[in-house]
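Reviewing the structure listed below.
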Amino acid sequence: MPDSALVIIDTQLAIDNPKWGVRNNPDAEENITRLLSHWRAHEMPIVHIRHDSTQEGSPYTPGSTEHAFKPEAMPEGGETVIGKQTNNAFVGTGLENHLRDQDIRNVVIAGVLTQHSVDTTARMAASLGFGVTVVSDGTAATEATDSRGMTWLAKDVHALTLAHLAADYACIKTTDEIIGESL
């Protein structure tokens, strides 16, 4: 998979802030660690996306304690870090140019939140012509309340978002499937 980059989205301390509500997939960070170890061992390209919020009071505000990467997703020397200010890692960033300059044709996406930045980034990557794989157990969602006032469980938000992505934009695979394919 030398033409595939691992893209880790918004895996910062801010995601643990209670404002986001109940989250599914408590093992997402462990699986991200496994993916990072695999990519590093095979010297494949890694891109860390860091949310640099401009919204007042956001836990993702640069300079705040919560803005830091989680220990499980901490970039190592030489790995690319790209800051973003929207929910899409391609908008207003150099991500597309970076991937094309590195001859990357496929992206494997992990991180948070499934229904926000993972979803929008995966859709944009597909629209730009990249092959896209979203890691089902390396992503996590939170509960959502719809316009009727119905609250959807995080596991259901996660599953539905992945189903929508699988319909037109991405392959959905587990960490074990991805690691097994590249051995």
Checklist entry - How about the range 66-92: which of its residues are over 15 Å from the mean Cα position of the chain (by Cα), at pLDDT 95 or above and farther than 18 Å from His116 by Cα? => result Glu66, Ala68, Pro71, Glu76, Glu79
Checklist outcome for this item: By residue number, the members of the range 25-43 that are under 15 Å from Ile8 (Cα atoms) and without any contact (Cβ under 8 Å) to a residue 60 or more places away in the chain are Glu29, Glu30, Thr33, Leu36, Ser37, Trp39, Arg40
Next on the checklist: As an exercise: evaluate Glu30 against (1) in contact with a Leu (Cβ under 8 Å, 6 or more places away or on another chain); (2) part of a helix (DSSP H, G or I); (3) of a type outside the set (Val, Ile, Thr) and give the number of the one condition it does not meet.
Outcome noted: (1)
Item to check | Checking Ala141 against (1) among the small types (Gly, Ala, Ser); (2) closer than 22 Å to Val22 by Cα; (3) loosely packed, with under 15 Cβ neighbours inside 10 Å; (4) touching a residue at least 12 places away in the same chain (Cβ under 8 Å), the condition it does not meet | outcome: (3)
Checklist entry - Does any residue in the range 63-75 that is of a type in the set (Lys, Arg) come within less than 8 Å, Cβ to Cβ, of a residue that is surrounded by 15 or more Cβ atoms within 10 Å (Cβ to Cβ) six or more places away or on a different chain, and which pairs are these? => result Lys70/Thr11; Lys70/Gln12; Lys70/Leu13; Lys70/Ile15; Lys70/Glu29
Checklist outcome for this item: Picking from Leu95, Leu128, Leu113, the residue that is modelled with pLDDT of 95 or more and either exposed (fewer than 14 other Cβ atoms within 10 Å of the Cβ) or more than 15 Å from the chain's Cα centre (by Cα) (or both) would be Leu128
Next on the checklist: Quick test for you: out of Val47, Val81, pick the one residue that is loosely packed, with under 13 Cβ neighbours inside 10 Å and closer than 23 Å to Ala125 by Cβ.
Outcome noted: Val81
Item to check | Of all residues making up the range 63-100, the number that are over 20 Å from Leu128 (Cα atoms) and in a loop (DSSP other than H, G, I, E, B) | outcome: 10
Checklist entry - Under the condition of being over 19 Å from Glu29 (Cα atoms) and in contact (Cβ under 8 Å) with a residue 24 or more places away in the chain, which residue from the range 167-183 is surrounded by the fewest Cβ atoms within 10 Å (Cβ to Cβ)? => result Asp168
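The values are calculated or read from the model by the stated rules, or taken from the named source; none is laboratory data. Treat the numbers as computed from the prediction; the structure is a model and nothing was measured. Don't worry about glycine lacking a Cβ; one is built from the backbone with ideal geometry, like all the others, and counts go over all protein chains shown.
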